[in-house]
1. Would you give the gap between the C-alpha center of the range 1-67 and the C-alpha center of the range 94-160, rounded to a whole Å?
2. Please work out whether the range 132-195 counts as rounded, prolate or oblate from its C-alpha gyration tensor, where a ≥ b ≥ c are the square roots of the eigenvalues and a/c under 1.5 means rounded, while otherwise a/b larger than b/c means prolate and anything else oblate?
3. Accessible area per residue, 1.4 Å probe, Å², for the chain: what's the number?
4. Multiplying the sequence separation of Arg6 and Glu113 by 0.36 nm and subtracting their Cα-Cα distance, what value in nm do you get?
5. Based on the Cβ-Cβ distance of Thr89 and Val126, what FRET efficiency does E = 1/(1 + (r/R0)^6) give at R0 = 51 Å, to the nearest 0.05?
6. On the full set of protein chains, 1.4 Å probe, figure out the accessible area of Thr89 and give it in Å² to the nearest 10.
7. When the accessible area of the chain is split by element with a 1.4 Å probe, what percent falls to carbon and sulfur?
8. Could the peptides 148-154, 232-238, 92-98 be put in order, highest first, of the mean number of other beta-carbon atoms found within 10 Å of their residues?
Amino acid sequence: MPTEVRHLVDRDQAYPLVRLTGVLNDQTAAAVRSVLLDVLADQPEAVVVDVADLVAPRAGSTAVLRDVLDVTRDWPGSHLALCGAADATAWKASGWPVWPDVREAFAALGEPERDRRVSIDLDPVVGAARRTREVITESCGRWDCPDLTGSACIVATEMVNNVVAHARTPMRVLLALQGDTMSVAVRDRSPTLPRFAGPVAVTSYGGRGLLLIDTVSARWGHLELGDGKVVWARLEPDRTAMPV
């Protein structure tokens, strides 16, 4: 049996629907992981994965799905669901909820929250951080969370300026309101990961910027992708607000 996995991402649904076909094993796990992380990097509220045409895994094959669940738990924190499994018990070790079919999976997730996610695409140019702060200020006003505006602008400014100065690639800025917390994330096309290990030089990648992000964020981290990365931070209203 050929050992490959093909995928089709349908974004014309309430949530992205990923249809996987082929065989999930040690050889194809990396490709499955890459596909799912790429979809999650756009910060959807939920993702549904149809495994009806994916060969039922042997023991341990679902480890890649458990890994995706674990590395995206804090960001983007999307609801994940599998559907179409002929033998649901074989997929339980993934930690994902398993539904009989696509319809039931979407019904269980319910309707998405409207106007709780914002994304903007920017070039790595002077003015990108200013544009990001404008969008954050407008979004925080619309979401009635002005106490998060200052910290969100500081975090986003550091992330965006890092891309402008170091990555020098197009970027996508993502904002989301989840309950009373807000996430700020920036996706770029550079494989260089942020490093934060105590005192660093001002000119180091992320240097003082990561210290600021660490100070105002409840949590922060990065998601490594096949074509770059996402650096993200989670902000909570009970932390000390900082001015814009």
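The values are calculated or read from the model by the stated rules, or taken from the named source; none is laboratory data. Note that this is a predicted model, so its numbers are computed, not measured. Note that each Cβ is placed from the backbone with ideal geometry, even for glycine, and that neighbours are counted across all protein chains shown. Side chains are part of the model used for accessible areas, which takes the heavy atoms of the whole protein and leaves out ligands, DNA and RNA. Shrake-Rupley method; radii C 1.70, N 1.55, O 1.52, S 1.80 Å.
1. Centre-to-centre distance over Cα atoms comes out at 24 Å.
2. In terms of gyration-tensor shape, prolate.
3. That works out to 49 Å² for each residue.
4. 35.5 nm
5. 0.35
6. 100
7. Looking at the chain in its full context, I get 51 percent from C and S.
8. 148-154, 232-238, 92-98
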